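The values are calculated or read from the model by the stated rules, or taken from the named source; none is laboratory data. Given the structure is predicted, the values throughout are model-derived calculations rather than measurements. Because the Cβ atoms are built from the backbone with ideal geometry, glycine has one as well, and the counts that use them run over all protein chains shown. Surface accessibility is based on the protein's heavy atoms, side chains included, excluding ligands, DNA and RNA. Shrake-Rupley method; radii C 1.70, N 1.55, O 1.52, S 1.80 Å.
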Amino acid sequence: MYEDTLLRRLWTRWLGRPGLDWLIVLVITGTHLGAVLISGGGDVLAWPGREQRITVYTGIATVAALVGSFITAAIAQYASSTGVRMQTLRAHPRQGAQFRRNWVGILGATLVVSGLCLLAAILDTTEKDPGGVHWLAEAALLLGTVRAIRLVWLFGRVIAAADVDLADTPAPSPPAPVRRPGS
């Protein structure tokens, strides 16, 4: 019971603060880097050769760009929803601001993820990557993952509110029968 309440409280606080995603990414990437330096193994992106790493970088950048286009469409849908609950949600002093921060943060993260991966592709010039450029791609991948979790939550909230608004809207009445001449 206590764990459920604590986890729920942490989840709610995290959702309201998209800036924490950067801290999560830095902690996880830093912990992984530390583990690799201490153990001498586990550096997954250093295993493949340069060409395969470049393929991974460009793949991550491409996926992030595609997700960014979907997010743009979703923001347009969110902004154009006219139901009472969606209007209330957008105008709510705390939740409306929270939703806007989340949308902007998610959209901005897709640009950062793509940019970091393209930068890694440019800077990764040797077969073994002794400079550790691949850590940029790892941080970008983690940022994309954390923001994807946030995106799924956001979509769920928006869809739920829009569905309830739709359920409250009376169904259009069927058209009146048309009498045809000669019948």
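On the beta carbon distance between THR58 and THR88, with R0 = 35 Å, the FRET formula returns roughly 0.25. Full extension of the segment from GLU127 to SER69, taken as 0.36 nm per residue of separation minus the current Cα-Cα distance, would add 17.6 nm. Sorting 101-113, 32-44, 151-163 by average packing, meaning the other beta carbons within 10 Å per residue, from highest down gives 101-113, 151-163, 32-44.
From its DSSP helices (H runs of at least four residues, each -39,500 (n - 2.57)), the chain gives a residue-normalised ellipticity at 222 nm of -26000 deg cm²/dmol.
Heavy atoms only, probe 1.4 Å: what % of the accessible area of the chain goes to carbon and sulfur, would you let me know? Roughly 70 percent, rounded to a whole number. Cα gyration tensor of the chain, axes a ≥ b ≥ c as square roots of the eigenvalues: rounded (a/c below 1.5), prolate (a/b > b/c) or oblate? Cα axes put the chain in the prolate bin.
Magnitude of the charge dipole for the chain, about its Cα centre and with charges confined to Cβ atoms of Lys, Arg (+1) and Asp, Glu (-1), is about 900 debye. To the nearest Å, what is the center-to-center distance of region 117-132 and region 42-79, using C-alpha atoms only? Here the answer is 16 Å between Cα centres.
Between the Cα long axis of helix 20-39 and the first principal axis of the chain there is an angle of about 30°, rounded to the nearest 10.
Remark: relative contact order (region 1-122) = 37 percent; criterion is Cα-Cα distance under 8 angstrom and separation of 6 or more residues. Cβ-Cβ distance of LEU119 and SER39, R₀ of 22 Å, FRET efficiency by 1/(1 + (r/R0)^6): the value works out to about 0.20.
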